Amino acid sequence: MPEKVILLVEDNPDDEELTLRALRSSKVANEVVVARDGQEAIDYLFGPPGGLLGEEREPPALVLLDLKLPKLTGIEVLRRIRAEPRMRLTPVVVMTSSNEEEDVLNSYESGANSYVRKPVQFGAFVNAVSQLGVYWLLLNESPKQPR
Amino acid sequence: VNLKDDRSSSLRRKLRRVILGTTLVALFVALGSMIAYDVRLYHRTWTADMATQAELLARTCVPALLFDDPGVARENLALLRLRPNVLSAAIYGPRGATFASYSRDPGDTPVPPLPGADGIHVVGSFVEVNHRIVEDGAILGTFYLRARHGLGDRILQHLLIASFLAVLGMVVAYVYSERLQRSVSQPILEVARVAREIAETADYSRRAPRLSDDEVGLLGESFNGLLAEVEARSHALAETNAELAREMSVKAEAQREILRLNSELEERVRDRTAQLTSAMQELETFCYSVSHDLRAPLRGIHGFSQALVADFPRDLPDEAHRYLSRITASATRMEQLIEDLLNLSKLTRATLTRREVDLSDLAGRVVENLRTTDPDRRVEVLIREGMKVDADPRLLQTAIENLLGNAWKFTAKTELPRIEVGCMRDGARTVHFVRDNGAGFDMQYADKLFGAFQRLHRQDEFPGTGIGLATVARVVHRHGGRIWADGQIGAGAAFYFTLAEPVAGATDAPETTNGEA
């Protein structure tokens, strides 16, 4: 059985590469799919707009979601995910630079499972990403099938 | 109006009454005395006439008596027929017996049977004359005559004439009085009319015409003088009124101006509020952008520098390693700067909720934290017990953390470091202070202490971002308080602050620095 994917929604290529590097170094084996804006994330999760839905794509094991994104914002993406019954229980971790109280609150109200502020210092950043990987992919027990 | 007419006509009537009354009295007196005189004269003349008549007839009858011839006597008496007033007459003998008699109207009034006393007697409207007939000293008899007294008729006649004259006189007096009273009352009535018109129209420019040169003329003149005075006064009054009205209108104009300025001011306040709100929104956006967008490149700089070191540990010369570590240090420092700046702006935006805070307790906890973070330092800390303040606990904690953090930091190179937290009274307000015996500062630069990113020490002496005191100042200002500092290089620094608006009348503390952060 193939490992479920991790969906990384990130518009900044530097952050994307650093995140991938951090995931690699933390020995997370899952495939990482990168969406570079909100629309791409939606397209990946729900199929392209207007296109026929083929075989329904399996929800990712974990979504790492930036908030400040072109086209659709992270919060909008999050709401679309939570509105879809298949992905109601998919773990979504908001990873962003902001620590504005409003963003934190909005994220949790929209159904985020976690909110992590990306540290500037690389050591701390790697540490944060690997902890997330370990926690959500190994330690945390998710329901196998949504009701 | 009727009343006024009554009054004005009563003046005429009074005058007329006076004139007619006076005339009447004069007529009475004049006619009365004339009548009285005439009646008296008539009476006297008439009685004398009767006496003469009686004597004449008595003399005529002497021969008849002497010769005892009543027929002659009777003829003589019959002559009295020529005197219609004589009603009866008689001649008595010496013994009183009737010798001869005469009656004008037989059966009218009989002669008395005996003669009366000698003389003239007036009985009612009749006169009786008894005249002794004497001849050579011997009484021959008595002559009796009775006649109607004409006085009543005469008086009646006089009265009729007098009445006629009186009526005539009154008529003449009336006509004359009409003319006379007009000459007297007309000027007065004229003055009254002018007075009435003035009362009705309030036109003080009218004047009473001068119709005579007497007292009434003087009255009119005085009245006109009074009017002139009143006119002058009312003119002055009108001018004063106009002046007042002008002042009122000026005041009203000023009032309107004030209202206009007020509304302008309100509008300006609204404009400014709107501008301020939009500025605040811009600030929010800016802060968000700073917190999100500025950090991302830093993460790249820091992350890839580290990646370089990690991935190519042997390929890089030592110099490159050193540079890379400088790059990561700079990035870290910049992150700290951004962080501090964001916190400062959050302080500005956070709402202020005051309640009682135990400052002594708060300072104690902050010092405990410092000791935990830096267990090797030995610092003597003195905190005055029981300091209570009315402040926002979160903001106050930030301020105290910064003040004590500074004191802690700047006493690092002092031999016997000592930090004191206390308070003192200054008039009605309480001034709190944090004092240390650390590095201190040059009072010359005191005004730069509270500015953001302002530092008085080199980074390698005492590290920091220069945000700490700006943050403290911001907290103090948000509480409506003041902050100032005192210091000397090498001898330490003291920071004084208040947390409320100074009470009115309180003496001002020496102000040194409260620069805007």
Would you confirm whether or not the range B:347-366 contains a residue that is surrounded by 13 or more Cβ atoms within 10 Å (Cβ to Cβ), touching a helix residue (DSSP H, G or I) at 6+ places or on another chain (Cβ under 8 Å), within 27 Å of B:PHE410 (Cα to Cα) and within 14 Å of chain A (Cβ to nearest Cβ)? yes
If you go through B:VAL134, B:VAL129, B:VAL111, the only one that is open to solvent by less than 80 Å² (accessible area, probe 1.4 Å) and at pLDDT 85 or above is B:VAL129
Apart from one, (1) closer than 30 Å to A:GLU16 by Cβ; (2) surrounded by 11 or more Cβ atoms within 10 Å (Cβ to Cβ); (3) away from chain A (no Cβ under 14 Å) all hold for B:ALA232; the odd one out is (1)
Point to revise | Flag if B:VAL290 is more than 60 Å from the chain's Cα centre (by Cα), touching a residue at least 24 places away in the same chain (Cβ under 8 Å), within 12 Å of chain A (Cβ to nearest Cβ) and open to solvent by less than 70 Å² (accessible area, probe 1.4 Å) | key: yes
Note on the range A:72-89: residues in contact (Cβ under 8 Å) with a residue 24 or more places away in the chain, open to solvent by 10 Å² or more (accessible area, probe 1.4 Å) and either within 15 Å of A:LEU45 (Cβ to Cβ) or of a type in the set (Phe, Trp, Tyr) (or both) are A:LEU72, A:GLU76, A:ARG79, A:ARG80, A:ARG82, A:GLU84, A:PRO85, A:ARG86, A:ARG88, A:LEU89
Taking the stated definitions as given, is B:THR142 of a type in the set (Ser, Thr, Tyr), modelled with pLDDT of 80 or more and either more than 22 Å from B:ASP68 (Cα to Cα) or crowded, with 19+ Cβ neighbours inside 10 Å (or both)? yes
Scanning the range B:317-346 for residues that are charged (D, E, K, R) and open to solvent by less than 60 Å² (accessible area, probe 1.4 Å), the one modelled with the highest pLDDT turns out to be B:GLU335
- If you check B:THR273 against the conditions, is it out of contact with any helix residue (DSSP H, G or I) (no Cβ under 6 Å at 6 or more places or on another chain), assigned to a helix (DSSP H, G or I), at pLDDT below 85 and loosely packed, with under 11 Cβ neighbours inside 10 Å? no
Scanning the range B:51-89 for residues that are part of a loop (DSSP other than H, G, I, E, B) and under 10 Å from B:ARG104 (Cα atoms), the one nearest to the chain's Cα centre (by Cα) turns out to be B:ASN85
Note on the range B:318-334: residues of a type outside the set (Ser, Thr, Tyr) and within 11 Å of chain A (Cβ to nearest Cβ) are B:ALA329, B:ALA331, B:ARG333, B:MET334
**Prompt:** Could we say that B:VAL191 is open to solvent by less than 80 Å² (accessible area, probe 1.4 Å) and modelled with pLDDT under 80 here?
**Reply:** no
Only unsatisfied item for B:ASP315, checking (1) among the charged types (D, E, K, R); (2) away from chain A (no Cβ under 12 Å); (3) part of a helix (DSSP H, G or I), is (3)
Meets criteria (in contact (Cβ under 8 Å) with a residue 24 or more places away in the chain, closer than 28 Å to B:GLU339 by Cβ and more than 60 Å from the chain's Cα centre (by Cα)) for B:LEU456:
no
Q. Does B:LEU265 qualify as being open to solvent by 100 Å² or more (accessible area, probe 1.4 Å) and more than 29 Å from B:ARG12 (Cα to Cα)?
A. no
Inside the range B:369-394, the number of residues satisfying the requirement of being over 19 Å from B:ARG435 (Cβ atoms), surrounded by fewer than 14 Cβ atoms within 10 Å (Cβ to Cβ) and among the acidic types (Asp, Glu) is 3
Checking B:HIS321, B:HIS302 in turn, the sole residue that is more than 22 Å from A:ASP15 (Cβ to Cβ) and part of a helix (DSSP H, G or I) turns out to be B:HIS321
Inside the range B:293-306, the number of residues satisfying the requirement of being over 12 Å from B:ILE327 (Cβ atoms) and facing chain A (nearest Cβ under 7 Å) is 3
Of the residues in the range A:10-38, those that are open to solvent by 40 Å² or more (accessible area, probe 1.4 Å), within 14 Å of another protein chain (Cβ to nearest Cβ) and more than 13 Å from the chain's Cα centre (by Cα) come to A:PRO13, A:ASP14, A:GLU17, A:ARG21, A:ARG24, A:SER25
All conditions in (1) within 14 Å of chain B (Cβ to nearest Cβ); (2) open to solvent by less than 30 Å² (accessible area, probe 1.4 Å); (3) in a helix (DSSP H, G or I) are true of A:VAL104 except (2)
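A quick yes/no check of all residues on (1) of a type outside the set (A, V, I, L, M, F, W, C); (2) within 27 Å of B:LEU337 (Cα to Cα):
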| site | (1), (2) |
| --- | --- |
| A:THR90 | yes, no |
| A:SER98 | yes, yes |
| A:ASN106 | yes, yes |
| A:SER110 | yes, no |
| A:LEU132 | no, no |
Going by the structure shown, is A:VAL134 closer than 19 Å to A:LEU23 by Cβ and within 14 Å of another protein chain (Cβ to nearest Cβ)?
no
Of B:GLY169, B:GLY96, the only residue that is modelled with pLDDT of 85 or more and not in a strand (DSSP E or B) is B:GLY169
Listed by range, helices (runs of 4 or more DSSP H) wholly within the range A:1-100 having at least 1 residues that are aromatic (Phe, Trp, Tyr) and either at pLDDT 90 or above or out of contact with any helix residue (DSSP H, G or I) (no Cβ under 7 Å at 6 or more places or on another chain) (or both) are A:38-46
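Quick grid of which residues meet (1) touching a Lys or Arg at 6+ places or on another chain (Cβ under 9 Å); (2) within 14 Å of chain B (Cβ to nearest Cβ):
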{"position": "A:VAL63", "(1), (2)": "no, no"}
{"position": "A:LYS68", "(1), (2)": "no, yes"}
{"position": "A:THR73", "(1), (2)": "no, yes"}
{"position": "A:VAL77", "(1), (2)": "no, no"}
{"position": "A:ARG80", "(1), (2)": "no, no"}
{"position": "A:ALA83", "(1), (2)": "no, no"}
{"position": "A:ARG88", "(1), (2)": "yes, no"}
{"position": "A:MET95", "(1), (2)": "yes, yes"}
{"position": "A:SER98", "(1), (2)": "yes, yes"}
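The values are calculated or read from the model by the stated rules, or taken from the named source; none is laboratory data. Bear in mind that the values here come from a model prediction, so they are computed numbers and not experimental data. Please note: Cβ atoms are built from the backbone with ideal geometry, for glycine as well, and neighbour counts cover all protein chains shown. Heads up: the accessible areas ignore ligands, DNA and RNA and are worked out on the full protein's heavy atoms, side chains in. Shrake-Rupley method; radii C 1.70, N 1.55, O 1.52, S 1.80 Å.
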